[in-house]
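Visitor: Have a look at this one.
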Amino acid sequence: MARIATALPFAFDFEPVTTALIVIDMQRDFIEPGGFGETLGNDVSLLQSIVPTTAALIALCRAHGVPVIHTRECHKPDLSDLPAAKRDRGNPDLRIGDPGPMGRILIAGERGADIIPDVYPIVGELVIDKPGKGAFYATGLSDHLAKLGTKTLIFAGVTTEVCVQTTMREANDRGFDSLLIEDATESYFPAFKAATLDMIRAQGAIVGWTATCAELEVALNE
Ligand code: C5J
């Protein structure tokens, strides 16, 4: 059993052999200039700041045999999995499915929907394309985790308050203990990130725990 004694809101105990890392939506469309995130008026440099720590976290998990699962928020080219309730939100220059500088925005197979090179999956790692904010919705994630025998999930990725938090809440409802790596997740809105970390840890870890990548590394190396 490994333990992060300094995790918040209290010590986080986990078995590395029944743990998996889920890296949420580290895609060009959210992180690189010219993508969907920027067309929504966001400063993508905030998200770029977590790339080195996220890459280090992935390397740490690979080194300890913790399976790494990547997600991509994207839709079918015919948009059959894109409800109007999602497509019509906001007032962006470009909507999901429109042609943009990196191909059609958030469409499977397009350059913008792919994962940025610094945290790219290696052969054998599962990549889940998800049409929703939560990675469990309309995907094979539950079945995959059942096959792995996973009980605990470590989370990283973007954005903290949207797809990361939604997936952590889905995981909690499905019986997984979840740990969010604070310095490997980011939001376009610093106040939203701070509030999300507080919400996750509130009321005795109502959604899960948080810790830094360095704290996880110490626990895995003990
Ligand atoms: C958003 C995400 N922010 N990956 N997607 O729409 O959090």
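The values are calculated or read from the model by the stated rules, or taken from the named source; none is laboratory data. Predicted model, so just to flag it, every value in this text is computed and none were measured. Glycine also receives a Cβ, built like all others from the backbone with ideal geometry; neighbour counts cover every protein chain displayed. Just the protein is used for accessible areas: all its heavy atoms, side chains included, with ligands, DNA and RNA removed. Shrake-Rupley method; radii C 1.70, N 1.55, O 1.52, S 1.80 Å.
Visitor: Check Thr210: other-chain or 5+ apart residues with amide H under 5 Å from its amide H, H built from backbone geometry?
Guide: Here Leu8, Leu180 satisfy the definition.
Visitor: Can I ask one more? Find which of Gly204, Ala184, Leu216 sits farthest along the positive direction of the dipole of the range 136-222, computed with +1 on the beta-carbon of Lys and Arg, -1 on that of Asp and Glu, about the Cα centre.
Guide: So the residue furthest toward the plus end is Gly204.
Visitor: Below 8 Å between Cα atoms, with a sequence gap of 6+, how large is the relative contact order for the range 109-213 in percent?
Guide: After rounding, I find 22 percent.
Visitor: Describe numerically, in nm with one decimal, the distance between label points set 7 Å from Cα along Cα→Cβ at Thr139 and at His64.
Guide: Going from the Thr139 label point to the His64 one covers 2.2 nm.
Visitor: Which far-off residues, 5 or more places away or on another chain, put their amide H under 5 Å from the one on Asp183, with H placed in the peptide plane?
Guide: Cys213
Visitor: Give me the percent relative contact order of the range 1-131, please, defined on Cα pairs under 8 angstrom at least 6 residues apart.
Guide: Over the range 1-131, the number comes to 30 percent.
Visitor: Let me ask something additional. From Cα pairs below 8 angstrom and at least 6 apart in sequence, can you work out the relative contact order of the chain, rounded to a whole percent?
Guide: Dividing the mean separation by the residue count of the chain yields 27 percent.
Visitor: Sorting Ser45, Ser178, Ser80 by accessible area (1.4 Å probe), largest first, what list results?
Guide: Per-residue accessible area, sorted high to low, gives Ser80, Ser45, Ser178.
Visitor: Moving to a separate point now. Exposed loop sites here are chymotrypsin sites (Phe, Trp or Tyr not before Pro) in DSSP loop states with at most 15 other C-beta atoms within 10 Å. What is the longest stretch of the chain lacking them?
Guide: Here the longest run is 11-136.
Visitor: Tell me which of Leu126, Gly34, Leu57 sits at the most positive position along the dipole axis of the chain, charges placed on C-beta atoms (Lys, Arg +1; Asp, Glu -1).
Guide: Leu126
Visitor: Still on this structure, I have one more. Highest mean first, how do 166-172, 106-112 rank when packing is the count of other Cβ atoms within 10 Å averaged over residues?
Guide: Highest mean packing first, the order is 166-172, 106-112.
Visitor: Using a 1.4 angstrom probe on the protein heavy atoms only, could you order Glu222, Glu186, Glu38 from most to least accessible area?
Guide: Per-residue accessible area, sorted high to low, gives Glu222, Glu38, Glu186.
Visitor: Output wanted: per-residue J couplings in Hz (rounded whole) for the range 101-107, from phi through Karplus 6.51 cos²θ - 1.76 cosθ + 1.60, θ = phi - 60°, x for Gly and Pro.
Guide: Result, ordered by residue: x, 10, x, 5, 5, 6, 10 Hz.
Visitor: Let me ask something else about it. Can you send over the carbon and sulfur percentage of the accessible area for the chain, probe radius 1.4 Å, protein chains only?
Guide: Carbon and sulfur: 55 percent of the exposed surface of the chain.
Visitor: Hey, another quick one. In debye, nearest 20, what is the charge dipole magnitude of the range 127-222 about its Cα centre with +1 on Lys and Arg Cβ and -1 on Asp and Glu Cβ, if you could check?
Guide: Approximately 360 debye in magnitude.
Visitor: Taking only DSSP H segments of four or more residues, each worth -39500 (n - 2.57), what value at 222 nm results for the chain once the sum is divided by all its residues, to the nearest 500 deg cm²/dmol?
Guide: It comes out at -8500 deg cm²/dmol, rounded to the nearest 500.
Visitor: At 7 Å along the Cα-to-beta-carbon direction for both Leu148 and Asp13, put a label point, then send me their distance in nm to one decimal.
Guide: Label-label distance for Leu148 and Asp13, simple model: 2.3 nm.
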